[in-house]
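S.K.: A single structure is presented below for examination.
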Amino acid sequence: MNIFKRLFKIGQAEANASIDNMEDPIKMTEQGIRDMKEDLAKSVEAMAQVKAMAIRAKNERDEHDAKAKDYESKAIAILKKAHAGSMDAAEADRLAKEALAKKEEAQSHATRAGEDTSKFEGNVAQLQGTIQTIKDNISNWENELKTLKARVKVSDATKNVNKQMAALDNTGTVSMLERMKEKVAQEEALAEAYGDIADTNKNIDDEINAAADTSEEKVDDELAKLKEQLGLGKDNA
C-alpha cells in the first residue's frame with residue numbers, strides 16, 4: 001500500500017513538473033517556433049509536389065496542342081492530295097476524318113491538361129502565400145523570443161534582488177546596521193567630548209605654570225652669586 005502511495009506521489013510530482021515546464025514562456029515559445037518550422041517544411045514540400053504536377057500538366061497540354069495541330073496539318077495534306085488526284089477521294093475523306101477525330105481527341109486532352117495546369121498553378125500560388133505567412137510568423141516570433149528572454153532575465157534579476165532585500169529585512173540585518181551606525185555616532189561624540197575635556201585641563205595647567213614661573217628670579221640670583229665670586233660686588237663696581 002505504501003509503495004502505491006509513493007508511486008502516486010512520484011507520478012504527481014512529475015506531472016506538476018511537466019505542467020511547470022509547459023507554463024515556461026521561453027520553452028513554449030521555442031516549441032511554437034519549432035512547430036511553425038515543421039509546418040514550413042511540410043508546406044514547402046507540398047508546394048514542390050504541386051508545382052511538379054503543374055509543370056507536368058502544362059507539358060501535357062503543350063504536347064496535346066502540338067498533336068492536334070499535327071493531325072490538322074495531316075488532314076489538310078491528305079485532302080490536298082485527293083484534290084490533286086494523287087489519292088483516291090473516298091480514301092482521302094476517310095483518313096482526313098480519322099485525322100480530324102484524332103485532332104479533337106488531342107484538343108480535348110489539351111483542354112483538360114490546361115484546366116489542370118490552371119488549378120495546380122492556383123494551388124501553388126496559395127501555398128506560396130501560406131509559406132510566406134509562416135515565414136513572417138517565424139521571423140516575428142523569433143524577434144519576440146529575443147525580447148521575451150531579455151524580459152525574463154530582467155524580471156529574474158529584479159526578483160532576486162528584491163528577495164535578497166526582503167531576506168535582509170527579515171533577518172534584522174538592516175536593523176542591526178542601523179544600530180551599529182548609531183553606536184559609532186555615539187562613540188565619535190564621546191571621543192570628541194573627552195578631547196574637549198583634555199583641552200580644558202591643559203589650558204588650566206598652562207595658566208598655573210605661568211603664574212608659578214620663578215625662572216627669571218633664579219637667573220637673577222645666579223647672576224648675583226657669580227658677581228660675588230668674581231669680586232664684582234656693588235662696592236667694587
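S.K.: To the nearest 0.05, how large is the calculated FRET efficiency for LYS119 and SER73 if R₀ is 35 Å and r is the Cβ-Cβ distance? Please list the in-between numbers first.
M.R.: Values: r = 30 Å, r/R0 = 0.86.
That gives a FRET efficiency of 0.70.
S.K.: Order HIS109, HIS64, HIS83, most accessible first, counting only protein heavy atoms with a 1.4 angstrom probe.
M.R.: Values: HIS109 65, HIS64 30, HIS83 170 Å².
The ranking, largest first, comes out as HIS83, HIS109, HIS64.
S.K.: Give the cross-link partners of LYS146 among the lysines, using a straight C-alpha distance below 29 Å as the criterion and excluding same-chain residues fewer than 8 apart.
M.R.: Result set, ordered by chain and number: LYS27, LYS37, LYS42, LYS135, LYS159, LYS163.
S.K.: Full-extension gain between THR133 and LEU100, please, as 0.36 nm times their residue separation minus the C-alpha to C-alpha distance.
M.R.: Values: separation 33, 0.36 × 33 = 11.88 nm, distance 4.91 nm.
My answer for the length gained is 7.0 nm.
S.K.: Something else: Mark the label point 7 Å from the Cα of LYS27 along Cα→Cβ and return the residues of the stretch 145-167 whose backbone N is within less than 20 Å of it.
M.R.: Answer for the stretch 145-167: 145-157.
S.K.: What is the gain in length, in nm to one decimal, between ASP196 and LYS51 on full extension, counting 0.36 nm per residue of separation less the C-alpha to C-alpha distance? Don't skip to the answer; put the middle values down first.
M.R.: Values: separation 145, 0.36 × 145 = 52.20 nm, distance 10.10 nm.
Working it through step by step, the gained length comes to 42.1 nm.
S.K.: Further question on the same structure: Zone of LYS181 (label point 7 Å along Cα→Cβ, backbone N under 17 Å): which residues in the stretch 130-167?
M.R.: Residues passing the 17 Å test: 165-166.
The values are calculated or read from the model by the stated rules, or taken from the named source; none is laboratory data. For clarity, every value in this text was computed on a predicted model and none was experimentally measured. For neighbour counting, all protein chains shown are included, and Cβ atoms are generated from backbone atoms with ideal geometry for every residue, glycine included. Note: accessible area is taken over every heavy atom of the protein model, side chains too, but ligands, DNA and RNA are not part of it. Shrake-Rupley method; radii C 1.70, N 1.55, O 1.52, S 1.80 Å.
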